[in-house]
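Input: a single structure, listed below in structure tokens.
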Amino acid sequence: MALLEVKNLQVEAGGKKILNGLDLSVNVGEVHAIMGPNGSGKSTFSYVLAGKPGYKITGGSARFEGEDLLALAPDERAAKGLFLAFQYPLEIPGVTTMTFLRTAVNAVRKKRGEAEISTPDFLRFVREKAAALHIDLEMLKRAVNVGFSGGEKKRNEILQMALLEPKLGVLDETDSGLDIDALKVVAEGVNKLRSKKRAIIVITHYQRLLDHIVPDIVHVMAKGKIVRSGGPELALELEKKGYAAFEQAA
Amino acid sequence: MNAEVKPIRTPAEQALAAAIETARAKFSSAKPVAKLREKAAMSFLESGLPHRRIEEWKYTDLRALMREAAPLAPPPDAAAIKAAKTLDPFPGIEARRLVLVNGTFVPELSDLKALEAGLTILPLARALAEGHKLTGKIGAIVPDTYDAALALNTAFLNDGIIIALEKDAKTEKPIHIIHCNVGKSPVATFARALILLGASARAHIIESFVGPDGVGYQANSALELHAGDDSKLDFVRLQAEGDTALHLATLLAEIGARVKFSLHPVTMGAALSRFSVLLRFAGAGTEGKLAAANLLRGRQHADTTLVVDHAAPGCSSRELNKSALDGASRGIFQGKIIVRHGAQKTDARMATHALLLSDNAESDNKPELEIFADDVQCGHGATSGALDETLLFYFLARGIPREQAEALLIQSFVGEAIETIAHDGLREALMERASNWLKERG
Ligand SMILES: Nc1ncnc2c1ncn2[C@@H]1O[C@H](COP(=O)(O)OP(=O)(O)OP(=O)(O)O)[C@@H](O)[C@H]1O
Ligand SMILES: [Mg+2]
């Protein structure tokens, strides 16, 4: 059984059809890349997986470990092991990053029937994961993403993923806004999270990220569906030819 | 056409008028205070309770809302004093407790020992009876319009507390004025406090209000504060009255030059409350900050009416009012900034933000600016809205359940007004109160 099985998914928002029969199957241990032009529906797809309100599912299905994902509340999806790294991480004034991280970790543990993590254990856990992502602990004392640079926000997303240890991580343009060095740090962080027990979907526009996070499968998305899938070489082909050829196929 | 119409007295007004009659005969007749009382009584008897056509009371129609006037509280008996003993809203915090029970200062519950050098604490009733010279300061701060709540408090002025810090004196631990209401039947109380800070004095004051739920008692308090030049004051106020109480309070502050002061009022209690504040910046170079938090639910109605009066140049004032409004509660903020002639280089900013947690909650906001100087910076800001769904989704996407996400967002919203409290213990205690309030929300 695939970890994520999406069949003929059709989604509308604001009276507009955005996803047009999307099919995707992801197994544990795999890293998939989804590439596609602006407006092709990549973020919409990731939001629908995570359960953001405001989208109307007009057809198709999405199953996570065989279970109807679309029937679950967003926090239940997270507890089941789905994680979305946002393209535009939100700022939460007044809530420190530390509080946010700890609340999230404990909420997920509770739903999984595990005990709360003790403060010293949590601090140790955060310190270790933050160090790997070159995140300064001082930053975690500040309100979530408030005043963070673009790169810091993206690293903070990966830190959350590292702490929540999901089964499926969906990274929506985690590379955008990163300089070369930060890109390497983030990619390394993601690579550390690669595991036989976990799958990752990387949404990106650029081959650049895929030099660092080498995917098993590359998909091209256009006009709300996957129009072609292939190996890592597909990303190189895209880089050369552009999306135009694929959009015609859609 | 405009023949004067004698207002029809409501039952509450009639009862208050009768109580004033009785008080006239009973209270000490020491000259200056008797005169003050008499003037206030006349003002009340002329105007009655304020109603919505009185601009300052536009949103709080006391004449309509105050159905009955509770009888004047008798001096507390032994049982009342015993009941008040355990009523401390900040139990873990080391402070010099000054306890008023039903408006009467109770020395045996208060900590009057080992006063810091330069600190004087006087029971007001005794000071009045003895004609203590400090009582001459009572009524010295005169607002532009004589507010009805203040008039009533003054008409019944009889007991309370005087706190005076001499030049350069300093409180080692916070002074905590606790207004306790006890008993099962509703009474009316009229406590008065006078705080005098000499030049360069430094004080930390807490004022709190507590009482039983379900007893519709009526507490009307007034506090006059004189802050001398170069003094420093941190003032934290907790209004945690019983859930059916009526709470009327006035704070009048006359602030000298180069003073640094902060006020942190937290409003959670009473069915109907009104907190009227006048901050008069009378000396140059003063910096004042007010950050208020309001947590209201059910049918609670809380009115904060603030006048920031810049009468001297080069002062800065910052006011932030935050209200979390649940149920069918109503939060009112009226904020006026006055900049007088010659108060150049004034930098005054006021902001009020309401978080509506239910469709039935209501937030009213009336900003006013009266500026008579040209080289000033003044601003008002106001927002009101529900919790941000997009933000909530971010929490949910991290596995945090909705109630917990809401609680964190609400706590951080009101927390902005609490987190600037300098005293760690007080800040934490108030944060915890906010968090308990959220837990009770369910
Ligand atoms: N709530 C909405 N209401 C109406 N239209 C929407 C809504 N959300 C997304 N869209 C539209 O759907 C299309 C797909 O948007 P989406 O953000 O999913 O694209 P994307 O592939 O992530 O693009 P990019 O590469 O620029 O991030 C766009 O045309 C967008 O304007
Ligand atoms: Mg996108």
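The values are calculated or read from the model by the stated rules, or taken from the named source; none is laboratory data. Values in this document were obtained by computation on a predicted structure and should not be read as measured data. Using ideal geometry, Cβ is built from the backbone for each residue, glycine included, and neighbour counts are taken over all protein chains shown.
Which residue is farthest from the chain's Cα centre (by Cα), if the candidates are limited to the stretch B:217-243 and must be part of a loop (DSSP other than H, G, I, E, B) and either modelled with pLDDT under 95 or at negative phi (or both)? Step through it out loud before you land on a result.
Filtering the stretch B:217-243 down to residues part of a loop (DSSP other than H, G, I, E, B) leaves B:217, B:228-231, B:241-243.
Next, only the ones that are either modelled with pLDDT under 95 or at negative phi (or both) stay: B:217, B:228-229, B:231, B:241-243.
Working: B:Tyr217: 17, B:Gly228: 21, B:Asp229: 23, B:Ser231: 21, B:Glu241: 12, B:Gly242: 16, B:Asp243: 17 Å.
Checked the stretch B:217-243; the qualifying residue farthest from the chain's Cα centre (by Cα) is B:Asp229.
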Practice task
Only one of these is within 22 Å of A:Val218 (Cβ to Cβ), in contact with a strand residue (DSSP E or B) (Cβ under 7 Å, 6 or more places away or on another chain) and within 9 Å of ligand 1 (Cβ to nearest atom): A:Leu19, A:Leu24, A:Leu49, A:Leu4. Name it.
Solution key: A:Leu19
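Do you know which residues across the stretch A:27-49 are small (Gly, Ala, Ser) and away from ligand 2 (no atom under 13 Å from the Cβ)?
Kept after step one, since they are small (Gly, Ala, Ser), are these residues of the stretch A:27-49: A:29, A:33, A:36, A:39-41, A:43, A:46.
Residues satisfying the conditions are A:Gly29, A:Ala33.
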Handout entry: Residue match in the stretch B:2-15 (condition: surrounded by 13 or more Cβ atoms within 10 Å (Cβ to Cβ), in contact (Cβ under 8 Å) with a residue 60 or more places away in the chain and aliphatic (A, V, I, L, M))
Key = no
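Would you check which residues across the stretch B:81-113 are part of a loop (DSSP other than H, G, I, E, B) and more than 19 Å from B:Ala240 (Cα to Cα) and list them?
Our first condition is that a residue be part of a loop (DSSP other than H, G, I, E, B); within the stretch B:81-113, this holds for B:85-95, B:102-103, B:106, B:110-113.
Within the stretch B:81-113, B:Glu94, B:Val106, B:Ser110, B:Asp111, B:Leu112, B:Lys113 meet the criteria.
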Exercise for the section: Search the stretch A:183-218 for residues being in a helix (DSSP H, G or I), touching a residue at least 40 places away in the same chain (Cβ under 8 Å) and more than 16 Å from ligand 1 (Cβ to nearest atom), and hand back the single one that is farthest from A:Asp23 (Cα to Cα). Expected result: A:Val185
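Within the stretch B:346-442, considering only helices (runs of 4 or more DSSP H) that don't extend past its boundaries, which have at least 1 residues that are away from chain A (no Cβ under 14 Å) and of a type in the set (A, V, I, L, M)? I'd like the intermediate steps shown before the answer.
On the way: elements: B:389-397, B:402-418, B:424-441.
Output list reads B:424-441.
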Handout entry: One residue from A:Leu210, A:Leu178 being away from ligand 2 (no atom under 16 Å from the Cβ) and more than 14 Å from chain B (Cβ to nearest Cβ)
Key = A:Leu210
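Would you point out which residue out of A:Glu173, A:Glu128, A:Glu157 is over 18 Å from B:Ile400 (Cα atoms), within 16 Å of ligand 2 (Cβ to nearest atom) and among the charged types (D, E, K, R)? Working first, answer last.
Details: A:Glu128 fails: within 16 Å of ligand 2 (Cβ to nearest atom); A:Glu157 fails: over 18 Å from B:Ile400 (Cα atoms).
Only one candidate qualifies: A:Glu173.
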Completion exercise
Among helices (runs of 4 or more DSSP H) entirely inside the stretch A:71-145, those with 3 or more residues being out of contact with any Cys (no Cβ under 9 Å at 6 or more places or on another chain) and within 13 Å of chain B (Cβ to nearest Cβ) are A:74-80, A:97-111
Exercise for the section: Could you grab me the full set of residues in the stretch A:45-70 that are touching a residue at least 40 places away in the same chain (Cβ under 8 Å) and either assigned to a strand (DSSP E or B) or more than 14 Å from chain B (Cβ to nearest Cβ) (or both)? Expected result: A:Phe45, A:Lys56, A:Ile57, A:Thr58, A:Gly59, A:Gly60, A:Ser61, A:Ala62, A:Arg63, A:Phe64, A:Glu65, A:Gly66
Completion exercise
Only unsatisfied item for B:Leu98, checking (1) touching a helix residue (DSSP H, G or I) at 6+ places or on another chain (Cβ under 7 Å); (2) surrounded by 19 or more Cβ atoms within 10 Å (Cβ to Cβ), is (1)
